Amino acid sequence: MTTPTDERIFPALGSSRQVAAFADHLHAVRASLGLPIGLIAADRPQLPAVTRCGALVRVAHMVTTTEKHGQAGDAVIWEVMSADVYRSWLAGAPAPDQKVIEAALPALLGLRSLHRAGGTGHLRLSELTELLAGRYLSARFTHQHWPLVREAVTRAHLHRVSHGHAASRPVACPRPSLMKEPNR
């Protein structure tokens, strides 16, 4: 089971305090990578067709949340960054199709929850298990290892369907707080 080593709680999801707290977290992580952070938002921002600064990329960060009763869940916080920063953030990995990743967000949140609970062994993806050992399924990991993560999402869906859970969809907690996780 993968558990965060730093369990400080962020303010309620959707609040400006929550967005600011996550921006602070990203700033610390990106500083260690020598990268800036982009615009951070609780709601999915629209991207302009053209900007004076060049192309922009929208990234969905998957974050661990906690409800009032301490139950873990997952939610999405958005970041808009320049295409140049995005390429650096990928660290040489090919850029996946953002529309495909955004469409897969419910399944990705489900996979993230499954991984946190230690339940990905049935997917029989030893490479994924090895790469995620001691880590959480982050946006960066998802983007850098998209073919592998896509296969895990597909296998997890097929497993749910074969066990009679086709109608179940992962959902984010309604008004959670965020648990800060280390980014490796």
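The values are calculated or read from the model by the stated rules, or taken from the named source; none is laboratory data. None of the values given here were measured: they were computed from a predicted structure. Here the Cβ is made from the backbone with ideal geometry for all residues, glycine too, and neighbour counts use every protein chain on show. Please note that ligands, DNA and RNA were not included when accessible areas were found on the heavy atoms of the full protein model with its side chains. Shrake-Rupley method; radii C 1.70, N 1.55, O 1.52, S 1.80 Å.
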Distance between modelled label sites at A95 and T154, nm, 7 Å Cα→Cβ extension:
2.4
Kindly provide the pair-distance distribution of segment 92-139 built from C-alpha pairs, with 10 Å bins from 0 and whole-percent values in order of increasing distance.
23, 50, 27, 0
Give the accessible surface of segment 117-160 per residue, rounded to a whole number of Å², with probe radius 1.4 Å and ligands, DNA and RNA excluded.
49
Show me the ranking of peptides 60-69, 128-137 by mean Cβ neighbours inside 10 Å, starting with the highest.
60-69, 128-137
